[in-house]
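S.K.: Starting off with a structure, shown below.
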Amino acid sequence: MPMQRGPRALTRRQRSTTIRQRMQAEARVRFGAVGLILALAASVARAAAAESLIPITMGVVPSVPAAITYLAIDKGYLAEAGIEAHIETIDSVSKVIPFLANNHMQVVEGGGLTVGYFNSLVQGLPIVLALDAGSSPLYHDLMIRPELADKIKTVADLKGRTVAIVSPGSVGVYELGKVLETAGLSFKDIDLKYVPFTQMGAAFANGAIDAGIEVPPFGSLVLEKKLAVSLLDPDTLIRPTPMSIVSYQVNTDWAREHHDIARKLFVALAKAGREYCQAYHHGPNRAEVIDVLIKYKAVSDRDLTDRMPWQARDPDGRFNAASIIDVQNWFYNQHVIDKKAPEDRLVDESFADEARKALGPFKLINQGSTLEGCR
């Protein structure tokens, strides 16, 4: 009689399958262990890399030019430079100058040149302009109420009118003052009001002001809502140009103590600044830059951001020293500041020089762009 197979008896094929399954299971365990070890090693490496990064605190005004900082972080340029940047959102550089001078912040970006900057230099505080973040064309806009379009056609027609700028001591004071001078006027000839950019549209709408200087993106919003109409761009009247008014400022004590890391920091920012310039000229990365602005909540309206003009800058981050000297001289002549800082103390050009040396000449991708600036 043929021998009966027990319930646990296996055929040769079944035994082969079982052995193969056991080997596969053991292999999965081994590969899983290797994968776990590799993952742990990568995690340790990342942690070690993070620990080796130099932490700095940067104050940033959320605006279109701030895309430079956000790009430097988002694309890893600062991390590659050995820097871990902690961003503090600010609404005005002038308000945080004490924090910069005391090294609570190492770098601040945004806003325009202010009376506070020049006074800080006179007082010997350890700060300096390090890199250009916004210069002509700035696309600032001297606007008027629509119902006054047939009455205010030139700068001279502003005499006796209520005109708004953002705040006392701001570069807007310089801009408006220089514009008025082209028609032989001064602040004594107008009713000057201080209105935040975000509230200027409402001030036009309720008739509280007749004219005012707006900046992107607020000016574009005011125009699109037909709350005001453009009279002129201050850039067309003010000399010398380009006006260098948006900047990166650095604590000089920190920069001196961390010379190598400070140099790498501003090279990384200049690298991101060149990407901003490509987007400024509607290059292939414009959508990417807008994505970064939205990610960091500097803007919220994608379509408007794409349509509106962006402030230009120098691709190497170089300032027009003549412009900055003129701003200080104007404030001094108007008795807004009591003393002037030495001209060679106004700007530290070494950071832009290092950027140019490290990055080489800037090459514009969209050669068909007719926009000025960022070249």
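S.K.: In the list Gly177, Gly207, Gly201, Gly169, which residue meets the criterion of being at positive phi and touching a helix residue (DSSP H, G or I) at 6+ places or on another chain (Cβ under 7 Å)? Before the answer, list the steps.
M.R.: Details: Gly177 fails: at positive phi; Gly207 fails: touching a helix residue (DSSP H, G or I) at 6+ places or on another chain (Cβ under 7 Å); Gly201 fails: at positive phi.
Gly169 is the lone residue from the list that is at positive phi and touching a helix residue (DSSP H, G or I) at 6+ places or on another chain (Cβ under 7 Å).
S.K.: Is the range 125-143 home to any residue that is touching a Gly at 6+ places or on another chain (Cβ under 8 Å), more than 25 Å from Cys277 (Cβ to Cβ) and crowded, with 22+ Cβ neighbours inside 10 Å?
M.R.: Yes, some residue in the range 125-143 is touching a Gly at 6+ places or on another chain (Cβ under 8 Å), more than 25 Å from Cys277 (Cβ to Cβ) and crowded, with 22+ Cβ neighbours inside 10 Å.
S.K.: Report, by residue number, each residue of the range 129-142 that is hydrophobic (A, V, I, L, M, F, W, C) and touching a strand residue (DSSP E or B) at 6+ places or on another chain (Cβ under 6 Å).
M.R.: Narrowing the range 129-142 to residues hydrophobic (A, V, I, L, M, F, W, C): 129-131, 133, 138, 142.
Once the filter is applied, which keeps residues that are hydrophobic (A, V, I, L, M, F, W, C) and touching a strand residue (DSSP E or B) at 6+ places or on another chain (Cβ under 6 Å), the range 129-142 yields Leu129, Ala130, Leu131, Ala133, Leu142.
S.K.: Here's another thing I want to ask about it. In the range 329-375, what residues are more than 22 Å from Tyr77 (Cβ to Cβ) and in contact with a Leu (Cβ under 7 Å, 6 or more places away or on another chain)?
M.R.: Matches in the range 329-375: Ala341, Arg345, Leu346, Val347.
S.K.: Would you point out the residue of the range 330-370, among those that are acidic (Asp, Glu) and assigned to a helix (DSSP H, G or I), that is nearest to Arg263 (Cα to Cα)?
M.R.: As a first pass, look at the range 330-370 and keep what is acidic (Asp, Glu): 338, 343-344, 348-349, 353-354.
The next check asks that each one be assigned to a helix (DSSP H, G or I); those that pass are 343-344, 353-354.
Values: Glu343: 23, Asp344: 20, Asp353: 10, Glu354: 7 Å.
Of everything passing the filter in the range 330-370, Glu354 is nearest to Arg263 (Cα to Cα).
S.K.: Right, another one. Hey, among Ile290, Ile238, which residue is in contact with a Ser or Thr (Cβ under 9 Å, 6 or more places away or on another chain) and without any contact (Cβ under 8 Å) to a residue 40 or more places away in the chain? Before you say what the answer is, go through the steps one by one.
M.R.: Details: Ile238 fails: without any contact (Cβ under 8 Å) to a residue 40 or more places away in the chain.
Ile290 is the lone residue from the list that is in contact with a Ser or Thr (Cβ under 9 Å, 6 or more places away or on another chain) and without any contact (Cβ under 8 Å) to a residue 40 or more places away in the chain.
S.K.: Next question, about the same structure. From the list Ala358, Ala341, Ala352, which one is modelled with pLDDT of 95 or more, under 20 Å from Pro242 (Cβ atoms) and in contact with a helix residue (DSSP H, G or I) (Cβ under 8 Å, 6 or more places away or on another chain)?
M.R.: Ala352
S.K.: Residues of the range 76-96 being in contact (Cβ under 8 Å) with a residue 60 or more places away in the chain, at negative phi and of a type outside the set (A, V, I, L, M), which ones?
M.R.: Listed by number, the residues that qualify are Tyr77, Glu80, Ser92, Ser94.
S.K.: Which condition from (1) crowded, with 19+ Cβ neighbours inside 10 Å; (2) touching a strand residue (DSSP E or B) at 6+ places or on another chain (Cβ under 9 Å) is the one that Phe118 breaks?
M.R.: Exception for Phe118: condition (2).
S.K.: Same structure, new question: Which strands (runs of 3 or more DSSP E) does the range 36-119 wholly contain that include 3 or more residues that are at pLDDT 95 or above and of a type in the set (Asp, Glu)?
M.R.: Details: elements: 54-60, 83-89, 107-109.
In the range 36-119, there are no strands (runs of 3 or more DSSP E) which contain 3 or more residues that are at pLDDT 95 or above and of a type in the set (Asp, Glu).
S.K.: Looking only at residues in the range 278-308 that are basic (Lys, Arg) and under 23 Å from Gly368 (Cα atoms), which one is surrounded by the most Cβ atoms within 10 Å (Cβ to Cβ)? Walk me through it before giving the result.
M.R.: First, the residues of the range 278-308 that are basic (Lys, Arg): 286, 295, 297, 302, 307.
Checking the rest, the ones that are also under 23 Å from Gly368 (Cα atoms) come to 286, 307.
Working: Arg286: 18, Arg307: 11.
The residue in question is Arg286.
S.K.: May I ask you to list the residues in the range 209-233 that are at pLDDT 95 or above, out of contact with any strand residue (DSSP E or B) (no Cβ under 6 Å at 6 or more places or on another chain) and farther than 13 Å from Pro146 by Cα?
M.R.: Asp233
S.K.: So which residues in the range 346-375 are buried (at least 18 other Cβ atoms within 10 Å of the Cβ) and either β-branched (Val, Ile, Thr) or free of Cβ contacts under 8 Å to residues at least 24 places away in the same chain (or both), if there are any at all?
M.R.: Val347
S.K.: Among the residues of the range 144-158, write down those that are outside any helix (DSSP H, G or I) and surrounded by fewer than 16 Cβ atoms within 10 Å (Cβ to Cβ). Quick ask: steps written out before the conclusion?
M.R.: If we filter the range 144-158 for residues that are outside any helix (DSSP H, G or I), which is where we start, we get 144-145, 149-154.
Scanning the range 144-158 gives Ala149, Asp150, Lys151, Lys153, Thr154.
S.K.: Kindly indicate the residue of the range 159-208 that is free of Cβ contacts under 8 Å to residues at least 60 places away in the same chain and polar (S, T, N, Q) and also surrounded by the most Cβ atoms within 10 Å (Cβ to Cβ) among those meeting that condition.
M.R.: Just the residues of the range 159-208 that are free of Cβ contacts under 8 Å to residues at least 60 places away in the same chain, to begin with: 159-166, 168, 176, 179-203, 205-206, 208.
Cutting the leftovers down to polar (S, T, N, Q) gives us 162, 182, 186, 198-199, 206.
Numbers: Thr162: 18, Thr182: 16, Ser186: 11, Thr198: 11, Gln199: 13, Asn206: 9.
Of everything passing the filter in the range 159-208, Thr162 is surrounded by the most Cβ atoms within 10 Å (Cβ to Cβ).
The values are calculated or read from the model by the stated rules, or taken from the named source; none is laboratory data. Computed from a prediction, not measured in an experiment: that's the story for all the values here. Cβ coordinates were reconstructed from backbone atoms using ideal geometry, including for glycine residues, and neighbour counts include every protein chain displayed.
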